[in-house]
Amino acid sequence: MIVTLKSSSLAPAPLPTSPLRNSIKQPIGRPPSRVFFLDVNPLCYEGSQPSLRSFARWVSLFFSQVSLRDPVVAVLDGDEGNEYRRRLMPSYKAHRRSALRRLAESRADVADVLRMCNVPVIKVNGYEADDVVATLTDQVLQRGFRVVIGSPDKDFKQLISEDVQIVMPIPEFGRWSFYTLRHYIAQYDCDPSSDLSLRCIMGDEVDGVPGIQHLAPGFGRKTALKLLKKHGSLENLLSAAAIRTVGKHYAQDALTKYADHLRRNHEVLSLRRDADVRLQDEWLSERDTCNDFAILSSFTKKLNEAQRLDKSWRRKVAERRIS
């Protein structure tokens, strides 16, 4: 089910037009050739802490310097979006649960801002945002558009192709940076089609998905890449190892002994493409950007005021304790 979160009372008073936004030109009337998907949840963190200020900063840069007038679809995690993977693997994102609960309280404000900037906001209950993006990416490609995914999430690397790029927020430089097929091959010396299989073997510590290095010392990235280049995919590799020797003793032993573990990793880490969402024609139209500067400036001002009041309240509480 598609859920577009409703707007509240964030509509701002008119503000001056952004000089930065006006300085970036895009041909008017040119049909968009690409569609941007914005993975909202990771942008709402400053380090490991939920932060609406981080969201406002990254979205402002995204609109003014990256997507411009091209269509943008924002995607949020659906209710119980992690449950499918947690049933398969209880350790999956276990350390993030308290932060996710705190972030949920701010979702309405985030959705309001995006919708007033003429960005549809999508979430599908029972699915993570990554799965919804993967589902919609296939549909967009079928319509002849290219896709750009705005996210720091490495899970999206399994989607990279000539027609699918990622643009990542780089905190140390304060800007977004494009990551393409060429970048991937230069970084990993393999095709993105092997990315998922490689991560299944190496694991994903951040998401709580254990690899097999601690179970099979010596089975590292170099060995995994060599075997995947030869066999193409994890399933091909496991099937081959079940009937013949595919590598050195430690690799052969690990692939046969931990085949079920690796297949479970594959089920957890692979992006699902069966979310109940259908691409709408209006999501493919050039985005009206006239509200961006006013909306985001107003939102940032509200956040600053809330922070000021919070600091004032904390100071008064501290003074009362001292007295």
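Quick look at the values:
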read-out	value
Partners for LYS301 among aspartates and glutamates (Cα-Cα distance below 16 Å; same-chain residues under 8 apart left out)	ASP109, ASP112, ASP292, ASP310
Charge tally in the Cβ shell below 11 Å around ARG287, where Lys, Arg are +1 and Asp, Glu are -1, ARG287 excluded	-4
Cβ-defined net charge surrounding ASP253, 15 Å radius [Lys, Arg +1; Asp, Glu -1]	+2
Largest-first ellipsoid semi-axes for the range 192-269, taking √(5λ) over the Cα gyration tensor eigenvalues, angstrom	17, 13, 12
Net dipole in debye of the range 192-269 [+1 Lys, Arg Cβ; -1 Asp, Glu Cβ; about Cα centre; nearest 20]	460
Cross-link pairs beyond the 22 Å C-alpha cut-off, checked among LYS230/LYS257; LYS226/LYS248; LYS93/LYS302; LYS157/LYS222; LYS154/LYS257; LYS154/LYS229	LYS93/LYS302; LYS154/LYS257
Ranking of GLU235, GLU162 by count of other Cβ atoms within 10 Å, fewest first	GLU162, GLU235
Packing rank of 49-58, 188-197, where each peptide gets the mean count of other beta carbons within 10 Å, highest leading	49-58, 188-197
The range 192-269 - percent relative contact order, Cα under 8 Å, separation 6 or more	36
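Each value in this text was obtained by applying a stated rule to the coordinates, not by laboratory testing. For clarity, every value in this text was computed on a predicted model and none was experimentally measured. Heads up, the Cβs are rebuilt from the backbone with ideal geometry, glycines too, and the neighbour counts pull from every protein chain shown.
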